[in-house]
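Chemist: If you scroll down you'll find the structure; I have some questions about it.
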Amino acid sequence: MRQQLRCLQEDLHKKFLATGGVRVSICEEGHCPVCAGPMRVLKTVCRPVQTLEHGAFQLREVVHVCAAGCRRPEGGLVWQRASSVAELIMPGRSVGYDVMVWIGLERFLHHRQREEMRSTLTREYAITLSAGEISILSRLFLDYVRRLHETCSPKLRRALENDGGSPWHLDATCEDGRGTLLVALAGWRRWVLGAWKIPTECAEAIQACAHETVKRLGAPCAIMRDLGPAMIRACEELVAKLHTQIPVLGCHQHFLADVGSDLLHAGHDKLRNTFRRLKLRGGLRTLARDLSRELGADLAPAREAFRAWQQSASHALPAGDAGIAVVRGLAQWVLDFLADAQYQDFPFDQPYLDLYERCLRVRRVVDGLLRKPPEDRRVLRVLRRLGRIVDPVITEPGLANTVQDLRVRARLFDELRSALRLFPRTNGRKQPGVAKPLTPKQAAAQLRDLRTALRRFVRSLHKRRPERGPAGNLRQAIDVILQHLTKHGKSLWGHEIRLPAKAGGGIRLVDRTNNLLESFFHAMKRGERRRSGRKNLAQDFEHLPPESALVQNLTHTDYVQIVCGSLDRLPHAFTDMDATERRKSAGRRKAAQPTQPNSMPMIQTGSLPSIDRELIRSDALALRIDDIILSKPPCFALSRSSLPSATV
């Protein structure tokens, strides 16, 4: 039965695709919009068109012109095309709006490659497009999304105002310093309010982009930003020009990262360099590999013996392959030191400190096993070899002091994390339980508790800070934390936003971190890696239009409801937008229309964008420089004898 249904489905699909090549004639005769008189036939246009709704067909369209010869203000004849064609086919294209929308959503929401889209269009809709045409339509889709976002800005602004305002999350991302993308995100609605490509993260460029968003969507009720100097300066200048009391908040996650980096960077780097110089990991890998080869075909039963030894009550090493498997497992356990991490990157994870701890523990295990040496000489040999590999970690001069200082600083950092309640260290184990959502009052009370805990922690730092004596490491670590709190302490609080009466009153909280925008960037990069297959996205981000961030708004139902009603209505929204622009431009001369009506002048910096890079790396510039250097000096130039010797 399933086979018959499958055959029936394939047969119906073939019949659906067999409509390609059908000739459709459209003739709509109206009245002249100038004199209201009759129209006459000017010409008949035949061309192939393709839409998702109708497939591929031949369109025969009759174009009419005013019988009285009326002319438009720009001097051209008053002519008229079929309105049904204008609603279906894009101007100047042979494909429908629905094809462009489908390509744009597949490219920027599902991150599919061009060949994937080509094969799907051919297989499912019998639409044949080249790879270049798909790229052009995807870029054209981004332009339509930007225009729709700007056209619907008054509606979006009213929605944000009905919420009592919206906090902004401001941040920029790039890949290897190229393709800097700045995004302003609405914290409560999760909408992308604006996205721009800027030459670098400088205050002038950020402030210009923020002013553009304020003019279009209104001022924010709060700003959440990172701790970059350019971002801090741009936000402060923006608030000063708005002449309103807008809290500018610093991200708690970035604050902890800055404090932890200053506290632990030097000691952790020294520890890492020591391990690299000792070649500890290389020695352990060699040992594990040699033991695996020695076990050979008996590796599987040796693993079972190793598992049995873990469950046994005796600490003595077994003889034979089982004892070798135990030593191999101990070496692998040291190499698996990253399992203690929480995958939050440095400084929240200190992997080489975890490696040092595992080396110490394994050396103690070796000593304990050697108290009663195994009778098997092979097992005794590999056990002593493991001890010799780990021994330099203990005998290395100065390493214990480095680790002790690092532990002191790490404990202070963990205390600060616990005070702010951001991912406290749990030695690689997840905390049990699932966090329940809090009401606004409960969250506000939690913020007050956090502030009280931080003040208590600061008082304890002042008490523990030694004024003099040998505890210089502790004194320096405490000073680092206090300096950061003095510099950024004011921006860590102020997340309670009081809503106006029209928004229901009460309070609403702003996120304590900028993780919302960081997750947004992470999802964008993950999608681009899926599409391109490249790990390094420097070139991709340099050529990725900023409007691609606006496309992500189409995943939010409330945003789609405002701009077009539903995703199925998106092609009709683009059609109405084009029709409105044609009506507005009917009474204007063509030369008076700007190419980019809402473009913002970009602030240029000393960076090297791709356009300038092509100019300065061109062969023409190199030839021109050589030509000027080798050319004859003009008659009014100084002679070589009159120049200083260094210049000559």
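The values are calculated or read from the model by the stated rules, or taken from the named source; none is laboratory data. Please read all numbers here as calculations on a predicted model, not as lab measurements. Counting neighbours? That spans all protein chains shown, and the Cβs are built from the backbone with ideal geometry, glycine included. These area figures cover heavy atoms from the full protein model, side chains too; ligands, DNA and RNA do not enter into them. Shrake-Rupley method; radii C 1.70, N 1.55, O 1.52, S 1.80 Å.
Chemist: Would you check if Thr51 is within 16 Å of Thr575 (Cα to Cα), surrounded by 13 or more Cβ atoms within 10 Å (Cβ to Cβ) and polar (S, T, N, Q)? Working first, answer last.
Modeler: Working: within 16 Å of Thr575 (Cα to Cα): yes; surrounded by 13 or more Cβ atoms within 10 Å (Cβ to Cβ): yes; polar (S, T, N, Q): yes.
Considered against the rule, which asks whether it is within 16 Å of Thr575 (Cα to Cα), surrounded by 13 or more Cβ atoms within 10 Å (Cβ to Cβ) and polar (S, T, N, Q), Thr51 comes out as yes.
Chemist: What's the total number of residues in the stretch 215-250 that are open to solvent by 20 Å² or more (accessible area, probe 1.4 Å) and in a helix (DSSP H, G or I)?
Modeler: Here the count works out to 12.
Chemist: Next question. Quick check: anything in the stretch 289-307 closer than 15 Å to Val393 by Cβ and either in contact (Cβ under 8 Å) with a residue 40 or more places away in the chain or in contact with a helix residue (DSSP H, G or I) (Cβ under 8 Å, 6 or more places away or on another chain) (or both)?
Modeler: Taking the stretch 289-307 and keeping what is closer than 15 Å to Val393 by Cβ, we get none.
No, the stretch 289-307 has no match at all.
Chemist: Is it fair to say Arg281 is under 30 Å from Leu386 (Cβ atoms) and out of contact with any helix residue (DSSP H, G or I) (no Cβ under 9 Å at 6 or more places or on another chain)? Explain how you work it out, then say what you get.
Modeler: Numbers: under 30 Å from Leu386 (Cβ atoms): yes; out of contact with any helix residue (DSSP H, G or I) (no Cβ under 9 Å at 6 or more places or on another chain): no.
No, not satisfied.
Chemist: Assess whether Val49 counts as being hydrophobic (A, V, I, L, M, F, W, C), at pLDDT below 75, assigned to a strand (DSSP E or B) and touching a strand residue (DSSP E or B) at 6+ places or on another chain (Cβ under 6 Å). Steps first, answer last, please.
Modeler: On the way: hydrophobic (A, V, I, L, M, F, W, C): yes; at pLDDT below 75: no; assigned to a strand (DSSP E or B): yes; touching a strand residue (DSSP E or B) at 6+ places or on another chain (Cβ under 6 Å): yes.
No.
Chemist: I'd like the full set of residues that are of a type in the set (Gly, Ala, Ser) and more than 25 Å from Val408 (Cα to Cα), limited to the stretch 469-502.
Modeler: If we filter the stretch 469-502 for residues that are of a type in the set (Gly, Ala, Ser), which is where we start, we get 469, 471-472, 477, 489, 491, 494, 501.
Across the stretch 469-502, the qualifying residues are Ser491, Gly494, Ala501.
Chemist: Let me ask you something else. Considering only the stretch 385-425, state which residues are in contact (Cβ under 8 Å) with a residue 12 or more places away in the chain and of a type in the set (Asp, Glu).
Modeler: Asp391, Glu396, Asp405, Glu415
Chemist: Something else: Would you please list the contacts, defined by Cβ atoms under 7 Å and residues six or more apart or on different chains, that run from a residue in the stretch 107-126 that is assigned to a helix (DSSP H, G or I) to a residue that is surrounded by fewer than 17 Cβ atoms within 10 Å (Cβ to Cβ) and polar (S, T, N, Q)?
Modeler: Matching pairs, first to second residue: Arg114/Ser135; Thr122/Thr128.
Chemist: When you scan the stretch 144-198 for strands (runs of 3 or more DSSP E) that lie fully inside it, which ones turn up with 3 or more residues that are more than 14 Å from Val214 (Cα to Cα)? Walk me through it before giving the result.
Modeler: Details: elements: 167-175, 178-186, 192-197.
The qualifying strands (runs of 3 or more DSSP E) are 167-175, 178-186.
Per-residue answers, yes or no, for (1) at pLDDT 95 or above; (2) hydrophobic (A, V, I, L, M, F, W, C):
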site	(1), (2)
Leu121	no, yes
Glu124	no, no
Ile127	no, yes
His149	yes, no
Ser166	no, no
Gly179	no, no
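Chemist: Tell me, which helices (runs of 4 or more DSSP H) lie completely within the stretch 277-375 with 2 or more residues that are open to solvent by less than 20 Å² (accessible area, probe 1.4 Å) and in contact with a Ser or Thr (Cβ under 8 Å, 6 or more places away or on another chain)?
Modeler: Details: elements: 280-295, 299-311, 321-335, 351-370.
Of the helices (runs of 4 or more DSSP H) lying wholly inside the stretch 277-375, none has at least 2 residues that are open to solvent by less than 20 Å² (accessible area, probe 1.4 Å) and in contact with a Ser or Thr (Cβ under 8 Å, 6 or more places away or on another chain).
Chemist: Specify which of the listed residues (Thr151, Thr173) is out of contact with any Pro (no Cβ under 9 Å at 6 or more places or on another chain), farther than 30 Å from Cys35 by Cβ and open to solvent by 50 Å² or more (accessible area, probe 1.4 Å). Spell out the reasoning first.
Modeler: Details: Thr173 fails: open to solvent by 50 Å² or more (accessible area, probe 1.4 Å).
Every option except Thr151 fails the conditions.
Chemist: Under the condition of being within 20 Å of Val99 (Cβ to Cβ), part of a helix (DSSP H, G or I) and among the polar types (S, T, N, Q), which residue from the stretch 524-583 is nearest to the chain's Cα centre (by Cα)?
Modeler: Ser548
Chemist: Right, next: Given the structure, is Leu567 open to solvent by less than 40 Å² (accessible area, probe 1.4 Å) and either at pLDDT 90 or above or of a type in the set (A, V, I, L, M) (or both)? Before you say what the answer is, go through the steps one by one.
Modeler: On the way: open to solvent by less than 40 Å² (accessible area, probe 1.4 Å): no; either at pLDDT 90 or above or of a type in the set (A, V, I, L, M) (or both): yes.
No; evaluated as a whole, the condition is false for this residue.
Chemist: When the residues of the stretch 512-523 are filtered to those that are within 10 Å of the chain's Cα centre (by Cα) and open to solvent by less than 50 Å² (accessible area, probe 1.4 Å), which remaining residue is nearest to Gly104 (Cα to Cα)? Even if it seems obvious, please write down each step before you answer.
Modeler: Initially, the stretch 512-523 is screened for residues within 10 Å of the chain's Cα centre (by Cα), giving 517-523.
Checking which are open to solvent by less than 50 Å² (accessible area, probe 1.4 Å) leaves us with 517, 520-521, 523.
Values: Leu517: 23, Phe520: 19, Phe521: 19, Ala523: 17 Å.
Ranking the qualifying residues of the stretch 512-523, first place goes to Ala523.
Chemist: A further question on this structure: Do you know which residues across the stretch 524-546 are open to solvent by 40 Å² or more (accessible area, probe 1.4 Å) and either in contact (Cβ under 8 Å) with a residue 60 or more places away in the chain or small (Gly, Ala, Ser) (or both)? Before you say what the answer is, go through the steps one by one.
Modeler: Applying the first criterion (open to solvent by 40 Å² or more (accessible area, probe 1.4 Å)) to the stretch 524-546 yields 526, 529-531, 533-536, 539, 543.
Listed by number, the residues that qualify are Arg530, Arg531, Gly533, Asn536, Gln539, His543.
Chemist: Being in a helix (DSSP H, G or I) and among the hydroxyl-bearing types (Ser, Thr, Tyr) is the filter; apply it to the stretch 478-515 and report the residue that is nearest to Val248 (Cα to Cα). I'd like the intermediate steps shown before the answer.
Modeler: Let us first name the residues in the stretch 478-515 that are in a helix (DSSP H, G or I), namely 478-492, 501-503, 515.
Next, only the ones that are among the hydroxyl-bearing types (Ser, Thr, Tyr) stay: 486, 491.
Working: Thr486: 16, Ser491: 6 Å.
Checking each candidate, the answer is Ser491.
Chemist: Could you tell me which numbered condition Pro392 fails, if it satisfies all but one of (1) in a helix (DSSP H, G or I); (2) closer than 30 Å to Leu422 by Cβ?
Modeler: For Pro392, the exception is condition (2).
Chemist: From (1) modelled with pLDDT under 90; (2) under 27 Å from Pro351 (Cβ atoms), pick out the condition that doesn't hold for Arg277.
Modeler: Going through the list (1) modelled with pLDDT under 90; (2) under 27 Å from Pro351 (Cβ atoms), Arg277 breaks only (1).
Chemist: Taking the conditions exactly as written (of a type in the set (A, V, I, L, M, F, W, C), modelled with pLDDT under 80, in a helix (DSSP H, G or I) and open to solvent by less than 80 Å² (accessible area, probe 1.4 Å)), does Leu621 satisfy them or not?
Modeler: Numbers: of a type in the set (A, V, I, L, M, F, W, C): yes; modelled with pLDDT under 80: yes; in a helix (DSSP H, G or I): yes; open to solvent by less than 80 Å² (accessible area, probe 1.4 Å): yes.
In short, yes.
Chemist: Something else: Residues that are part of a helix (DSSP H, G or I), open to solvent by less than 100 Å² (accessible area, probe 1.4 Å) and either among the aliphatic types (A, V, I, L, M) or at pLDDT below 90 (or both): does the stretch 421-439 have at least one? Steps first, answer last, please.
Modeler: From the stretch 421-439, those part of a helix (DSSP H, G or I) are none; that's our starting set.
There is no residue in the stretch 421-439 that is part of a helix (DSSP H, G or I), open to solvent by less than 100 Å² (accessible area, probe 1.4 Å) and either among the aliphatic types (A, V, I, L, M) or at pLDDT below 90 (or both).
Chemist: If the Cβ limit is 6 Å and pairs must be 6+ apart or interchain, which residue in the stretch 255-270 that is farther than 23 Å from Leu420 by Cα and open to solvent by 10 Å² or more (accessible area, probe 1.4 Å) pairs with which residue that is in a helix (DSSP H, G or I) and of a type in the set (Asp, Glu)?
Modeler: Gly267/Asp405
Chemist: If only one of Leu129, Leu109 is surrounded by fewer than 16 Cβ atoms within 10 Å (Cβ to Cβ), among the aliphatic types (A, V, I, L, M), farther than 26 Å from Pro220 by Cβ and in contact with a Leu (Cβ under 8 Å, 6 or more places away or on another chain), which one is it?
Modeler: Numbers: Leu129 fails: surrounded by fewer than 16 Cβ atoms within 10 Å (Cβ to Cβ).
The conditions single out Leu109.
Chemist: Can you work out which of the residues in the stretch 376-389 that are more than 17 Å from Gln332 (Cα to Cα) and in a helix (DSSP H, G or I) is most open to solvent (accessible area, probe 1.4 Å)? Quick ask: steps written out before the conclusion?
Modeler: As a first pass, look at the stretch 376-389 and keep what is more than 17 Å from Gln332 (Cα to Cα): 376-378, 380-381.
Then drop every residue that is not in a helix (DSSP H, G or I), which leaves 377-378, 380-381.
Details: Arg377: 197, Arg378: 85, Leu380: 30, Arg381: 117 Å².
Among residues in the stretch 376-389 that are more than 17 Å from Gln332 (Cα to Cα) and in a helix (DSSP H, G or I), the one most open to solvent (accessible area, probe 1.4 Å) is Arg377.
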